[in-house]
């Protein structure tokens, strides 16, 4: 557990506390407590309609929260305070551009709005792999090229934080790989914090070591994908489950009886301890018919979480540290000089 002063856990690029967005009685986002570590890729994962896009719009100030607080890059944002333009880039609900203008002219418009040099447009198009296509009308671009253009327009100011809503949606396999590689390179080589949303687990798994899983506006889990997988368990099938249960109880080993398979289930333990346990069972006259180690796949863990939100994981993980929601303070956030 982190100390109350927040000194024991990584700096955060984004944090929210009790964030709510309601439309009448419907809550699109309900009590969201995000903790996004700085300088990496964070995946906002959930089914369609879960509240992912609304969350991103809240962070960007495109819609006002009903309740709660938000901090971006060390600064509390809200009605009276907004992040400096250019420090945050975004592509929400697909790329937004003028189809009748070239890719270069679209980027030049953004550069002009942000008071950037004209050269920034061609530089960013080269970065996203659109060099040679910059004078072609954006409306004639392929889907993958349009996504690249949208990301280029979000990157033109060299932002510290990048929000991408379903960046690989609708792309063919080759374009998905290209966009994925570009996102990971941004985080690795330039230290940009990237938040990507998706409803596809496999895509998030390939890009984001840390995730927040959201459904019906609620944050069900936040932490590493590794921790999302349920701790393994061992199933024992023996000749007398009742006697075996008494033995396990005496030795202080947590267990449950699975009636459907007539097995005793215990938490995962190292192989030598399994051997010792089997030896003790046999020495008490029990026959051990089966010993099986089981572990849920990531997909199974994700589906169980989303389909049974009442059983959601209450911990708020930030990388390897367990951070109580009440421990977060603005001083914990990533602080960087404005440009």
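Each value in this text was obtained by applying a stated rule to the coordinates, not by laboratory testing. Small disclaimer: the values here were computed from a predicted structure and weren't measured. Virtual Cβ from ideal backbone geometry, glycine too; neighbours counted across all protein chains shown.
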Q. Taking the DSSP beta bridges in the chain as the whole, what percent of them are antiparallel, to the nearest 5?
A. 65 percent
Q. What is the Cα centroid distance between region 193-257 and region 30-64, reported in whole angstrom?
A. 23 Å
Q.
Give me the three principal axis extents of region 127-268 from the C-alpha atoms, as integers in angstrom, largest value leading.
A. 78, 28, 28
(Q) Let me understand region 233-294 better: what is its radius of gyration from the alpha carbons, and its Dmax, in angstrom? (A) 10.3, 28
Q.
Can you compute the helix-only [θ] at 222 nm over the chain? Use -39500 (n - 2.57) per DSSP H run of at least 4 residues, normalise by all residues, nearest 500 deg cm²/dmol.
A. -9000 deg cm²/dmol
Q) Rg/Rh for the chain: what does it come to with C-alpha atoms and Rh from Kirkwood? A) 1.10
(Q) Along the Cα→Cβ direction, 7 angstrom out, place labels at residue 190 and residue 278. What is the inter-label distance in nm? (A) 5.5 nm
Q: With springs only between Cα atoms under 10 Å apart, run a GNM on the chain and tell me which of 267, 167, 47 wobbles the most.
A: 267
Q. By how many degrees, 0 to 90 and rounded to 10, does the Cα axis of helix 173-190 deviate from the longest principal axis of the chain?
A. 90 degrees
**Q.** With Cα atoms, 0 to 90° folded angle of helix 241-250 axis to the chain main axis
**A.** 80 degrees
Q. How high is the FRET efficiency from residue 158 to residue 11, r the C-beta distance, R0 22 Å, rounded to 0.05?
A. 0.70
(Q) On the Cα set of region 25-146, report Rg and Dmax in Å, please. (A) 17.1, 51
Q. Taking the Cα-to-Cβ direction at residue 240 and at residue 93 and moving 7 Å from each Cα, how far apart do the two end points lie in nm?
A. 6.7 nm
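Sorting 105, 172, 271, 165 on the 10 Å Cβ count, fewest up front, what's the list?
Working: 105 16, 172 12, 271 8, 165 21.
Fewest-to-most Cβ neighbours within 10 Å comes out as 271, 172, 105, 165.
When a footprinting reagent is the concern and you count Cβ atoms within 10 Å, what order do 64, 80, 206 take, fewest first?
Details: 64 10, 80 6, 206 17.
Taking fewest neighbouring Cβ atoms as first place, the list is 80, 64, 206.
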Q: Determine the distance separating the Cα centre of region 106-121 from the Cα centre of region 141-155; give it in Å without decimals.
A: 15 Å
Q: Could you tell me how many degrees, from 0 to 90 and to the nearest 10, lie between the Cα long axis of helix 298-307 and the main elongation axis, the longest principal axis, of the Cα atoms of the chain?
A: 80 degrees
Q.
Checking the a/c ratio against 1.5 first, then a/b against b/c, what shape does the Cα gyration tensor give for region 79-159?
A. prolate
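Give the order of 205, 256 when sorted by the count of other beta carbons within 10 angstrom, beginning with the fewest.
On the way: 205 18, 256 11.
Ascending Cβ contact count within 10 Å gives the list 256, 205.
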